[in-house]
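Q: Before we start, here is the structure in question, set down as structure tokens.
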Amino acid sequence: MKTLKDIIEGIKIQKIVGDINITIDNISNNSNHITTSGLFIAKKGNRVDGHTFIDSAINNGAIAVVCSDDVDLPENITKIVVEDSTEAECYLAANFYDNPSKKLKIIGVTGTNGKTTTATLIYQLLNNLGQKAGLISTIIYKYGNVELPSINTTPDAIELNKLMNDMYLDGCKYAVMEVSSHAIVQKRICGINFIGGIFTNITHEHLDYHGSFENYIKAKKTFFDNLPTNAFALTNIDDKNGKIMVQNTKAKIYTYGLSHMADFHARIIENTFQGLHLEIDGNDTWFLLLGRFNAYNILAAYGSAIILGFDKQEVLAQLSKIPPINGRFNIINNNDTYIIIDYAHTPDALENILSTIEEMDINGKIITVFGAGGNRDKTKRPLMGQIAAQYSDIVIITSDNPRYEEPADIIADIEKGVPANLNAKVFKIEDRTNAIKMAINLANKGDVIVIAGKGHETYQEIKGVRNHFDDREVVLQIINSKKIIN
């Protein structure tokens, strides 16, 4: 419990009406979550204006309201008028939860692909090194024995500060979090004290939200622009935008890469279905993760740990023990037919997966099953169709999360990118289960099946309803049913 006076400390306030020495027991931007002695933050979103829910919040127990519109409120309700209630929320939440980012060492990971793997590697590595850490990722929020399902890659400011405070109270010294472009633009991370930021890569994604690739780059770059002087900025020098990301940062800049000279450099010695053999800064190490793209993720985690002052040999030893991340290049071996389940849902991610398999010099066919999310960036759909057809022997285009779009329309968009001379290798099956079943039935020993787009997800969203769907479960059910029949 805190007084409203404590909670609004440091906030840019335009007007105060009412008593600020009242005690606040809860804080929320959702009127349904407000209870007795609550503080309601009225924010203007893209679809909903929180000011329309002020009466509901008061009915539920709000005794104070922060708003950007100078609305009329009952005399017994304290009103705090601010210029930007979204920005104010960050600092209100931080004050309410005792400014946890000043007590924890927060590391942020941003980019298009590789965020989840890199953040999870650093989280596991720190814990393996005896440093208790928390994780905020696309897949899960995790600290100690607590595991919470992830709602957003980066939670809103109130949930984020609560999570970090819970981590601190649980004894965490570090917190590693994915930083999404949406979170940056929507000011969910303003006021957080990061000790380091990592850039993985950037390719076309979320253009439906940002409007242009330039705006998307600008959003990511803002994260590094705002890092403090005592932080580090670790950037992928092999990405053509790697230097741009950190050109205006006040943080100390470090680089990592495979192709260019860098502070942290790796060379791929061997890339197989059993793992990666890398030479990192002159040290040969075998890792359980697979693929060239994972060499970058491993290198980013390694570089972060060295910057933080950990011993090089111990870091490599602990990194080498970490298994593949859930939903990222997970392999099921079905009688020497490799079935790969991966979250790849962008053109670059899909190409990374397929080119990695090609580099492994397999003896059989590559069969790719994928779709694209509905009500999202449509420009990437034909690009994914082109890439799948280019690298695969058989392509099965199917549903991902169609949301409110018709699956057939999404599939048609994807198919537009397939070169005319490659159309014969492409099949279209709307039902994802049947698409996976067809891939397994077509495969022979030595073939590789890639099932892309959903990875760790255990649902399929159709017309606003989330139905249970897990690619891994479906694969195992099909395999087991074939064994019974045989």
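We did not get these values from a lab; they are worked out from the coordinates using the rules stated. Note that the structure is predicted; figures quoted are calculated from it, not measured. Here Cβ is always computed from backbone atoms with ideal geometry, including for glycine, and neighbour counts include all displayed protein chains.
Q: Taking amide H atoms as placed 1.01 Å from N in the peptide plane, list the residues 5 or more away in sequence, or in a different chain, whose amide H sits under 5 Å from that of residue 175.
A: 105, 106, 107, 134
Q: Shape verdict for the stretch 9-158, please, from the Cα gyration tensor: rounded (a/c under 1.5), prolate (a/b greater than b/c) or oblate.
A: prolate
Q: With a 4.7 Å Cβ cut-off, tell me which Cys residues in the chain come up empty for a partner.
A: 67, 172
Q: In nm, to one decimal, how far is the residue 263 label point from the residue 48 one, both placed 7 Å along Cα→Cβ?
A: The answer from the label model is 4.2 nm.
Q: Taking only C-alpha pairs under 8 Å that are 6+ residues apart, what is the relative contact order of the stretch 2-127 in percent?
A: Relative contact order of the stretch 2-127: 24 percent.
Q: May I ask for the net charge around residue 157, where only other residues with Cβ less than 14 Å from the Cβ of residue 157 are counted and Lys, Arg are +1 while Asp, Glu are -1?
A: It works out to a net charge of -1.
Q: Which percent of Cα-Cα pairs in the chain sits in each 10 Å bin, short to long?
A: All Cα pairs, binned at 10 Å, distribute as 4, 19, 26, 25, 16, 8, 2, 0 percent.
Q: Please provide three numbers in whole Å: the alpha-carbon extents of the stretch 65-147 along the principal axes, with the largest listed first.
A: Principal axes ranked by extent give 55, 28, 21 Å for the Cα atoms.
Q: Residue 398: net charge of surrounding residues, Cβ under 10 Å, Lys/Arg +1, Asp/Glu -1, itself excluded?
A: Spelling it out: positives minus negatives among the neighbours equals -1.
Q: Right, something else. Antiparallel DSSP bridges in the chain: what percent, to the nearest 5?
A: Of all bridge pairs located within the chain, approximately 40 percent are antiparallel.
Q: Karplus couplings for the stretch 24-29 from phi (6.51 cos²θ - 1.76 cosθ + 1.60, θ = phi - 60°), rounded to Hz, Gly and Pro as x?
A: 10, 9, 8, 9, 6, 9
Q: Quick one: 3J(HN,Hα) in Hz for the stretch 388-403, Karplus 6.51/-1.76/1.60 with θ = phi - 60°, rounded, Gly and Pro as x.
A: Listing the rounded values in order: 4, 5, 5, 9, 9, 8, 9, 10, 10, 8, 9, 7, 10, 10, x, 6 Hz.
Q: How big is the charge dipole of the chain about its Cα centre, in debye rounded to the nearest 20, if each Lys and Arg gets +1 on its Cβ and each Asp and Glu gets -1 on its Cβ?
A: The calculation lands at about 420 debye.
Q: Mean separation of Cα pairs under 8 Å and 6+ residues apart, divided by the residue count of the chain: what relative contact order is that in percent?
A: Reported relative contact order: 10 percent.
Q: So if we plug the beta-carbon distance of residue 335 and residue 5 into 1/(1 + (r/R0)^6) with R0 = 60 Å, what FRET efficiency do we get, rounded to 0.05?
A: According to the calculation, E is roughly 0.30.
Q: Please list, ordered by chain and number, the residues whose modelled amide H lies under 5 Å from the amide H of residue 24; skip anything fewer than 5 residues away on the same chain.
A: Close amide H contacts, sequence-distant or interchain: 2, 3, 4.
Q: If you look at just the Cα atoms of the stretch 186-275, how large are its Rg and its Dmax in Å?
A: 14.9, 43
Q: Could you go through the stretch 130-135 in sequence order and give the Karplus-derived ³J(HN,Hα) for each residue, using 6.51 cos²θ - 1.76 cosθ + 1.60 with θ = phi - 60°, rounded to whole Hz, and x for Gly and Pro?
A: Karplus values, whole Hz, x for Gly and Pro: x, 10, 5, 9, x, 10.
Q: Given the -39500 (n - 2.57) contribution per DSSP H run of 4+ residues, what per-residue ellipticity at 222 nm results for the chain, rounded to the nearest 500 deg cm²/dmol?
A: Taken over the chain, the calculation gives -9500 deg cm²/dmol.
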